[in-house]
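The values are calculated or read from the model by the stated rules, or taken from the named source; none is laboratory data. None of the values given here were measured: they were computed from a predicted structure. All Cβ positions, even for glycine, are placed from backbone atoms using ideal geometry, and neighbour counts span all protein chains on display.
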Amino acid sequence: MGLRRHGDAGQAFPIYITVVGALLFLAFAYLAVGQAAANRNSAQTAADAAALAAAQDTRNQLAGAWVKAVEDPAAWQDIFDGIAAGLTPSCWRADQLAAQNDAHVEACAQTGPLEFEVTVQMDKPVGDSIVPGTEGKYAKASAKAVIESRCGFELPGEGAEEEDLPTLTCDGEDWELDPEDLDGLPGPEDLFEVHLAD
């Protein structure tokens, strides 16, 4: 009986080694998947931040253009549609935000007056893992950010005083604008919303 028990133990040992090896392989595989997912998430965070930053820069420029044209209501709608003279490119802000997230911009385009698309790549590779070639792989991600006007207005009808300014309604809040006292104008965040596109 003693010999038989010893023989059984000897037969079980290779099975034990195989099971432990398989479990270790699975553990390393899960680690590699988690590592890649974390890198991908970092890339997406960098892309989102970069796209939003570019859009916010343009939003701020549009808000500044509206302030300059506040006494010319005929120019307001173009500005709320993203059309204004003197706007400068905003992709430099995407570069800044990508760098703050350990990435760099591979492509940045203003695809419409109120829309930006950005693609970034992480500066560090996924890293060594049991999956061959990951040490040289770099996560990439893309994001789209849009600017939307929050405001509406009606131009004064016939018979209105030329100096009268329309009531500006932004997300249900009315702004009564007095051409004689233009302090307290709505800010960029009151005039425009910036968000990621679905």
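Where the second residue is in a strand (DSSP E or B) and at pLDDT 70 or above and the first is loosely packed, with under 11 Cβ neighbours inside 10 Å and lies in the range 153-170, which pairs have Cβ atoms under 6 Å and are six or more apart or on separate chains?
none
I'd like to verify a number: residues in the range 74-100 that are modelled with pLDDT of 95 or more, outside any loop (DSSP other than H, G, I, E, B) and not aromatic (Phe, Trp, Tyr), how many?
Number of matching residues: 13.
Regarding the range 102-116, can at least one residue be identified that is touching a residue at least 60 places away in the same chain (Cβ under 8 Å) and under 30 Å from PHE153 (Cβ atoms)?
Step one: filter the range 102-116 for residues touching a residue at least 60 places away in the same chain (Cβ under 8 Å), giving 102-103, 115-116.
So of that shortlist, the ones also under 30 Å from PHE153 (Cβ atoms) come out as 115-116.
Yes, the conditions are met somewhere in the range 102-116.
Restricting to the range 114-152, count the residues that are in a loop (DSSP other than H, G, I, E, B), surrounded by fewer than 19 Cβ atoms within 10 Å (Cβ to Cβ) and at pLDDT 95 or above. Walk me through how you get there before you give the answer.
Of all residues in the range 114-152, those in a loop (DSSP other than H, G, I, E, B) come to 114, 123-133, 137-139, 150.
Right, trim to surrounded by fewer than 19 Cβ atoms within 10 Å (Cβ to Cβ) and you get 123-125, 127-133, 137-138, 150.
Still in the running and at pLDDT 95 or above: 150.
Residues meeting the conditions: 1.
So the check is Cβ under 8 Å with 6+ separation or different chains; which pairs have a first residue in the range 172-187 that's charged (D, E, K, R) and a second one that's modelled with pLDDT of 85 or more?
GLU173/ASP190; ASP174/THR167; ASP174/LEU168; GLU176/THR167; ASP178/LEU165
How about the range 40-62: which of its residues are touching a residue at least 60 places away in the same chain (Cβ under 8 Å), crowded, with 20+ Cβ neighbours inside 10 Å and not charged (D, E, K, R)?
Within the range 40-62, ALA43, ALA46, ALA47, ALA50, ALA51, LEU52, ALA54, ALA55, GLN56, THR58, LEU62 meet the criteria.
Count, please, the residues in the range 55-85 that happen to be hydroxyl-bearing (Ser, Thr, Tyr) and farther than 19 Å from LYS144 by Cα.
Filtering the range 55-85 down to residues hydroxyl-bearing (Ser, Thr, Tyr) leaves 58.
Now restrict to residues that are farther than 19 Å from LYS144 by Cα: none.
Summing the residues that are hydroxyl-bearing (Ser, Thr, Tyr) and farther than 19 Å from LYS144 by Cα in the range 55-85 gives 0.
Among (1) part of a loop (DSSP other than H, G, I, E, B); (2) modelled with pLDDT of 90 or more, there is one condition THR111 misses while meeting the rest; what is its number?
That leaves (1) as the condition not met.
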